[in-house]
Amino acid sequence: MKKDKLRMMAIAASALLLTTGFTACGGDDDDDPIQETEEQKSYFDRELETADVTYEVRLGKDELSLYDVEVEYRGDDKKDNTITMTNATWSKTYHLTKASLPGDFVLRARPKLKEGLQLDKDAKFEVGCITKIIVKVKNKYGRLICDVDGMGLVQTDFVTMTTEQIVNPWSSWASDLMGSLFSQDKKTVEVYDDKIVYNDMTQRYW
């Protein structure tokens with residue numbers, strides 16, 4: 001009887017030791033923090049490290065034969081510049097870092113009908129002036145966290161106009177549309193460390 005009692009006590013002690021051992025192992029696992037990989041960290045880092053801001057202007061294939069096109073744009077030094085288009089496309093990119101924020105960018109194209117044009121009365125022309133400010137923001141891991149390509153009102157295609165519409169710019173809805181775009185198509189962008197403000201519309205990086 002005494003031996004049986006001792007045997008039972010030994011079994012209980014062994015069970016207690018085993019339980020304590022398992023509990024201790026579980027506790028060690030809980031205390032060991034999960035190590036995130038650089039790839040995982042890059043997904044959750046929404047802080048601007050760099051930003052590329054690109055001005056882009058595209059013209060219809062007949063635009064330069066009919067119009068002189070001046071482009072007004074603001075540089076990263078916040079000074080305004082003007083160029084006259086000589087090709088159907090023009091672009092310029094500025095690279096920003098945290099130290100250069102906030103960034104302030106403005107783009108506007110001003111086509112003016114050439115003087116003394118002699119046009120075939122039955123001719124048709126592909127015209128238009130499409131402007132964009134494209135912004136790409138990356139975090140310190142190089143991951144793209146914000147990509148804005150023409151946020152807001154964007155003309156996406158050119159229009160075909162007749163000689164009459166070219167010469168009398170308010171004679172039709174097409175001319176009215178083109179004239180309106182020519183005089184009002186101004187785009188502005190402000191770049192901050194947590195958001196972009198594009199034509200008064202805000203897009204945050206989160």
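Remarks
- Per-residue Karplus couplings for segment 111-126, computed as 6.51 cos²θ - 1.76 cosθ + 1.60 with θ equal to phi - 60°, are listed in order as x, 10, 4, 5, 7, x, 5, 10, 10, 4, 5, 9, 6, 10, 9, 8 Hz, Gly and Pro entered as x.
- Hz values of 3J(HN,Hα) by residue in segment 128-140 - Karplus curve (6.51, -1.76, 1.60), Gly and Pro given as x: x, 9, 9, 10, 9, 10, 9, 10, 10, 10, 10, 8, 5
- Over 23 Å between alpha carbons, listed pairs 79/186; 61/92; 41/98; 41/187; 61/138; 138/195: 41/187; 61/138
Bear in mind that the values in this text are calculations on the coordinates, not laboratory data. These figures come from a predicted structure and were not determined experimentally.
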